1. So how tilted is helix 243-280 from the main axis of the chain? Cα-based, degrees 0 to 90, rounded to 10.
2. When DSSP beta bridges are limited to those with both residues in region 16-255, what percentage is antiparallel, rounded to the nearest 5?
3. Compute log10 of I(q)/I(0) for the chain with the Debye formula, placing one identical point scatterer on every Cα and leaving out solvent, at q = 0.09, 0.10 Å⁻¹, to two decimals.
4. Residue by residue, what Karplus-based ³J(HN,Hα) values in Hz, rounded to whole numbers, does region 71-87 have, using 6.51, -1.76 and 1.60 with θ = phi - 60° and x for Gly and Pro?
5. Probe of 1.4 angstrom, ligands and nucleic acids ignored: what's the accessible area per residue over region 1-125, in square angstrom?
6. Which one, Gln183, Gln42, Gln84, has the greatest fluctuation when you compute a Gaussian network model over the chain with C-alpha springs under 10 angstrom?
7. Where nothing but the Cβ of Lys and Arg (+1) and of Asp and Glu (-1) is charged, how large is the charge dipole of the chain around its Cα centre, in debye to the nearest 20?
8. Carbon and sulfur atoms: what percent of the 1.4 Å accessible area of the chain do they account for?
Amino acid sequence: MTRAYLDHNATTPIRPEVLDTMLPYLKESYGNPNSVHALGQQARAAVEAARAQVAALLNADPEEIVFTSCGSESDVLAIAGAAQRAWLASSGERRHVVVSAVEHEAVRQLTTGMRQRGFDISIVPVDGTARVDPAAVRAAIKPSTAVVSVMHANNEVGTIQPIREIAAICKERGTLFHTDAVQSAGKLAVDVRELGADLASISGHKINAPKGIGALYVRKGVALSSIVTGNQEKNRRGGTENVAGIAALGKACELARKEREQHVRELSALRARLEKGCLKHGGRVNGHPTERLPGTCHVSFEGIDGHALVIALDLEGVCASAGSACSSGAAEPSHVLKAMGLSQDWAAGSVRFSLGWGNTAEDVDRTIEILGPAVEKLRKAVVNSKC
Ligand code: PLP
């Protein structure tokens, strides 16, 4: 059975060019980049070349890029690193952190733990489209605020946040601003200077590089407490560098930078086609109507079980995600859908399709073809169960 993979917000396939770039560092060029011999210097050259490629995608300077193990670690280094540093520098006075209600689980769990350890955490709400109001961020900032973190684009419904406005408020109020750009990199322009971010996270496996590699942009002059201690990455992140992963991330960033505009045009056309089909089958599209990631289509079918729909699609070779479950797998609306105020009935019947590199109009048409009867069958099952 040929598969249609429509789950790119979960992870993406590794592009062949990316795999070719990383393989030598898993085979013959296995040196430690901190070694002075030739093998070590080959590895160092690969790491620094990749740093320049990542920086070019973000319009940053190479020395502003810190390699990490994933997007989650980048988020933790940014937020906990900034907050801890401010706490230490102010003898505990600056211990306030502001985040939005729709941040990734990495940020949610981090801030929950930080609150238990004495940090003061404010959670800014979103509207029915999952957008943060910059005025709410302004209202949440206090003299004790160390860092504000609002994601660039949401992983579930794809809503894009007004980052420039929020960053400008943070600058005016003298607080650091971090954005989680894990889902937006490669799909939106993530120009850190133009956005005004002090810190920005990205992850390899969302942009056709492997899992287990990420990066954090740290604006020159911003000091963080390190989370993984050690000498590497100029003392900002310890641990011997994942050279193959770093080389892969660099290549993926180069491809994303060169191809983004064309890619976005293609994704937008495919998503429009998919949404038309979903609407035809009685679906309702969630998230912001215009400020939304080009490949993300989060749709609800009232009264059915989104998990059952994902399984029905999978049996026919279509890979998507249930749009409602929180990561524990519990059948309750995710924190994002709750924050948006989606009713239980609509939230439970949600599915997320996320398009990416390699998807075709045939993938979309096949999905729509399978979706109609699958939704009908589940609707009938609900009616029968109530009889
Ligand atoms: N932030 C967002 C918005 C994400 O979607 C994800 C992954 O789904 C992460 C952070 C975590 O990235 P990683 O899986 O590389 O830790």
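The values are calculated or read from the model by the stated rules, or taken from the named source; none is laboratory data. This structure is a prediction, so every number in the text was calculated from the model and none was measured. All Cβ positions, glycine included, derive from the backbone under ideal geometry; neighbour counts span all protein chains shown. To get the accessible areas, we keep the full protein, side chains included, count just its heavy atoms, and leave off ligands, DNA and RNA. Shrake-Rupley method; radii C 1.70, N 1.55, O 1.52, S 1.80 Å.
1. The answer is roughly 20 degrees.
2. Within region 16-255, antiparallel bridges account for around 40 percent of the total.
3. For the requested q values the scattering log ratios are -0.54, -0.66.
4. Those phi angles translate into x, 4, 5, 4, 4, 5, 4, 5, 7, 5, x, 6, 5, 5, 4, 5, 4 Hz.
5. 45 Å²
6. Comparing Gln183, Gln42, Gln84 in the GNM, the peak value goes to Gln42.
7. So the magnitude is around 520 debye.
8. That fraction is 53 percent.
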